[in-house]
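Engineer: Mind having a look at this structure? Questions to follow.
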Amino acid sequence: MDTIFPEQALRQEAIRRRLLGESRSMICHALGRSPRWFDKWWREYQDIPLSDLANHSRAPLLSPQATSAGVEDAILQIRHTLEAAATPETKYGLIGAATIQGELERLHIRPVPSQPTIQRILARHGVTHPVGAGSALAYYPWPIAWAVNAIQATDIITRHVQGGEEIENLHTIDHFSQAVALTPATTKTSAILCTHLRKCWTKLGRPFIHQMDNEAAFCGGHTHPGVMGQVVRLCLFCGVEPLFTPYYEPKRNYQIETFHSVWVRSFWSRARFRNLDHVQAEIPLFLQWYHTRYRPPSLDGHTPAQLRQGCPTWPLTTALQHLIPTGHLPLTAGRVHFMRKVEQTGEITLLNETWPVGEKWIGEYVRATIHTAEQTLTIWHQADAETEWHRIKSRLFRLKEPVHELLPAFRRNCARCRDCLPG
């Protein structure tokens, strides 16, 4: 896992709070930083959404491999020409990095940069807006929970107690019943997350699908290509299918984001917590109120506890816990899903690898599913809620270790799961 320094974590927390709707002044007051500091890092996030908000390198900006000014000017001119669509040759067609690269080759402009380099040049000059890529109209195929524990979602919200100690609050919610499980911790390592999920599945039960964002501790880090992290391995071992939301789109995990707001108003803002032990001691009181007294707007007047009465939950029992190996978990047969918006290069990125989808799909949301037993990656698209999923393409996804069968004790049959996410 990449090292996150305290200052970098504060920047990430500022961005997270802003995305959740907190005002600039509230964020600055809570984090003890100036408006000028916030504005700097908010601009960086807006300019470079994939930025890790780390300190900028002081290394020279130019290198022997840097694209020449002449080639860069040619890239921008070609882009403007394609966008203008003023000639019969450019009236229709695509304007992304792959098309520009083809034009450079056709015009014998050398050297021809890679597509990612072309994309970075376009982004630096603020012209990254191909047809459809920025559209809010692209259909997003929301996974719909059909029963208790059909889908759970986990997220982390960072807060600071008196004295500045950072508390990582791990929250999991059942989409159908809105029941939750909470774990406060001082770090957000994969080991802490696995412990939280095991506790969560003991109390709430195991889901068929577990949704999360692309936090390094969830996916296994942002360094090694094809990495299968411990959280993914735990899900597969327990017969749970991980589902990763698109990069930097917290609204795609809105159920847990909505719960964060309730938790902030009803718990975190109601006391001045001294340390981790203080937070842990108060959580049971909050959970008792939330599950038995609170009526989430989506439950039509019911409490989470009322909606779960009599429903099967498939808990992670003590007997099942004993079947889970200690240490590094093996890879188990199952499926891992990634919701992605096709980038301006016609590609998607998952597990630190880039996969071509096609310029036809730029700006569209697709689902990429890894089937570990078959070692395949299949990309799917759904045009709208009334349309069946359409398979765009399948590719080999080579794994560098054996894949074990799911233990019989963890097996469950659910046709609805396959209907929700075929493939």
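The values are calculated or read from the model by the stated rules, or taken from the named source; none is laboratory data. From a predicted model like this one, the values you see are computed outputs, not experimental measurements. We place every Cβ from the backbone using ideal geometry, glycine too, and count neighbours over all the protein chains shown.
Engineer: Which residues, counting only those in the range 14-39, are exposed (fewer than 14 other Cβ atoms within 10 Å of the Cβ) and assigned to a helix (DSSP H, G or I)?
Structural biologist: Ser25, Met26, His29, Pro35, Arg36, Asp39
Engineer: Restrict the check to the range 384-393 and report whether at least one residue is at pLDDT below 95, assigned by TED's automatic domain parsing to the domain that holds Gly226, of a type in the set (S, T, N, Q) and farther than 28 Å from Pro116 by Cα.
Structural biologist: Within the range 384-393, one or more residues are at pLDDT below 95, assigned by TED's automatic domain parsing to the domain that holds Gly226, of a type in the set (S, T, N, Q) and farther than 28 Å from Pro116 by Cα.
Results for (1) out of contact with any Phe, Trp or Tyr (no Cβ under 7 Å at 6 or more places or on another chain); (2) outside the structural domain of Arg295 (by TED's automatic domain parsing); (3) crowded, with 21+ Cβ neighbours inside 10 Å; (4) small (Gly, Ala, Ser), shown as yes or no for each residue.
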| residue | (1), (2), (3), (4) |
| --- | --- |
| Ala150 | no, no, no, yes |
| Ile157 | yes, no, yes, no |
| Gly164 | yes, no, no, yes |
| Ile173 | no, no, yes, no |
| Ser177 | yes, no, yes, yes |
| Leu182 | yes, no, yes, no |
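Engineer: Looking at the range 378-417, which of the residues that are among the β-branched types (Val, Ile, Thr) and in contact (Cβ under 8 Å) with a residue 12 or more places away in the chain is nearest to Ile324 (Cα to Cα)? Can you show your working first?
Structural biologist: The initial filter retains those residues of the range 378-417 that are among the β-branched types (Val, Ile, Thr), namely 378-379, 387, 392, 403.
Going one step further and asking which of them are in contact (Cβ under 8 Å) with a residue 12 or more places away in the chain, we end up with 378-379, 392, 403.
Numbers: Thr378: 29, Ile379: 31, Ile392: 36, Val403: 15 Å.
The extreme case among them is Val403.
Engineer: Next question. Checking Leu316 against (1) aliphatic (A, V, I, L, M); (2) touching a strand residue (DSSP E or B) at 6+ places or on another chain (Cβ under 8 Å); (3) surrounded by 12 or more Cβ atoms within 10 Å (Cβ to Cβ), only one condition comes out false. Which one?
Structural biologist: Condition not satisfied by Leu316: (2).
Engineer: Ala85 is checked against (1) exposed (fewer than 13 other Cβ atoms within 10 Å of the Cβ); (2) at pLDDT below 70; (3) on the phi > 0 side of the Ramachandran plot and fails just one. What number does that condition carry?
Structural biologist: Among (1) exposed (fewer than 13 other Cβ atoms within 10 Å of the Cβ); (2) at pLDDT below 70; (3) on the phi > 0 side of the Ramachandran plot, Ala85 violates only (1).
Engineer: Right, another one. What pairs come out if I take residues in the range 307-329 that are charged (D, E, K, R) and pair them with residues that are in a loop (DSSP other than H, G, I, E, B) whose C-beta lies under 8 Å away, six or more apart or interchain?
Structural biologist: What qualifies is Arg308/Val148; Arg308/Ser177; Arg308/Ala179.
Engineer: Would you list the strands (runs of 3 or more DSSP E) that sit entirely within the range 177-245 and hold 3 or more residues that are touching a residue at least 60 places away in the same chain (Cβ under 8 Å)?
Structural biologist: The qualifying strands (runs of 3 or more DSSP E) are 180-185, 241-244.
Engineer: Which ones in the range 237-263 are modelled with pLDDT of 95 or more and over 18 Å from the mean Cα position of the chain (by Cα)?
Structural biologist: Scanning the range 237-263 gives Phe237, Cys238, Gly239, Trp263.
Engineer: Consider Ser190 carefully, then state whether it is hydroxyl-bearing (Ser, Thr, Tyr), in the same structural domain as Gly310 (by TED's automatic domain parsing) and under 18 Å from the mean Cα position of the chain (by Cα).
Structural biologist: Judged against the criteria, Ser190 is a match.
Engineer: Residue check: is Gln119 at pLDDT below 95 and in the same structural domain as Ile100 (by TED's automatic domain parsing)?
Structural biologist: Numbers: at pLDDT below 95: yes; in the same structural domain as Ile100 (by TED's automatic domain parsing): yes.
Yes, satisfied.
Engineer: Filter the range 287-301 down to residues that are in contact with a Ser or Thr (Cβ under 7 Å, 6 or more places away or on another chain) and either of a type outside the set (Phe, Trp, Tyr) or in contact (Cβ under 8 Å) with a residue 60 or more places away in the chain (or both) and give me whichever is surrounded by the fewest Cβ atoms within 10 Å (Cβ to Cβ).
Structural biologist: Residues of the range 287-301 that are in contact with a Ser or Thr (Cβ under 7 Å, 6 or more places away or on another chain), as a first pass: 291-295.
So of that shortlist, the ones also either of a type outside the set (Phe, Trp, Tyr) or in contact (Cβ under 8 Å) with a residue 60 or more places away in the chain (or both) come out as 291-293, 295.
Numbers: His291: 18, Thr292: 11, Arg293: 9, Arg295: 14.
Out of the qualifying residues, it is Arg293.
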